[in-house]
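The values are calculated or read from the model by the stated rules, or taken from the named source; none is laboratory data. This structure is a prediction, so every number in the text was calculated from the model and none was measured. Cβ: placed from backbone, ideal geometry, glycine included. Neighbour counts: every protein chain shown.
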Amino acid sequence: MRLLSKTTGVIALANLAASVSLAQSLDPANPAPLKPGVNVSSIDVGMSPHYWTFIVEKGNAKINLTFRAHSILGAPFRTQLAFNLYDIQTPGKKITNVIESKGEEVLHTFSGPVESRCQMVIEVVPPESLVRAGGEYQVQAVTGITFLGAGVPSAPGAGPGGDPILNRHFRALGCNNDVQCGIRFLPDGAIALGNGGRGSWRLFDPARSVYVIVIGNQRQSLKWKPGVGLVRVQEDGMVEYQEVR
């Protein structure tokens, strides 16, 4: 498979098709199927990479990628986000492109001739930074793409306990130690912290996936964003507990 890539500059995205926020996958063995339209997600330093998959048909193919970096304390911050494109059969052979944003939306395009039909994966690699950095990214198939259906492994939904945050792994953002920073949501509404602490949770708004989290004297309303974690309701770019593999 041969697919070229090029950066096409900074654009406004207001006139694009309606976007869809989906449950992206953190598991390279089970990437989330790309959907028609604009697939939208957030990513931040310390998160696990996101994986999307689709079929490219023989002929010409085109995929648009965009990235807009978050500001830090109201100031623009130069941030780079890497996108790796590879055939699912040969994950060691990747086309890597880096998009750099300083608060503006930047468009990058993978495009070119495809020699034979194959299943591809896009790996979105979090930024590397000593300070918190991240942003919103979008993936949109334009031409030459077939979307995978229900027969292909899809991003996880609700767990065996019936709620999507059960049986998932979360940590306080920026911490890599489960013993100190891990958090688990139990089916009985209890929260188990890695340091032995306890808390409680309940689903407040099913339509928006908003939860009330109580730990000690702290009460928070947090929204679950698949593949990202639990974020602040009013500032969904602010992650309180990141989802990890």
request  = For region 101-113, indicate whether the set of residues that are of a type in the set (A, V, I, L, M, F, W, C), assigned by TED's automatic domain parsing to the domain that holds Ala141 and not in a strand (DSSP E or B) is non-empty.
outcome  = no
message = Quick check on region 192-245: of everything there that is touching a residue at least 60 places away in the same chain (Cβ under 8 Å) and β-branched (Val, Ile, Thr), which residue is nearest to Gly182 (Cα to Cα)?
response = Val244
inquiry  = When the residues of region 160-213 are narrowed to those that are more than 23 Å from the chain's Cα centre (by Cα) and among the basic types (Lys, Arg), which ends up surrounded by the fewest Cβ atoms within 10 Å (Cβ to Cβ)?
reply    = Arg202
query = Which one of these is in contact with a Gly (Cβ under 7 Å, 6 or more places away or on another chain), surrounded by fewer than 19 Cβ atoms within 10 Å (Cβ to Cβ) and of a type outside the set (Val, Ile, Thr): Gly59, Gly37?
reply = Gly59
query = Residues in region 27-45 that are touching a Phe, Trp or Tyr at 6+ places or on another chain (Cβ under 9 Å), over 20 Å from Cys118 (Cα atoms) and among the acidic types (Asp, Glu): how many?
reply = 0
Criterion (in contact with a Leu (Cβ under 7 Å, 6 or more places away or on another chain), among the acidic types (Asp, Glu), farther than 26 Å from Ser209 by Cα and at pLDDT 90 or above) met by exactly one of Glu57, Glu100, Glu105 = Glu105
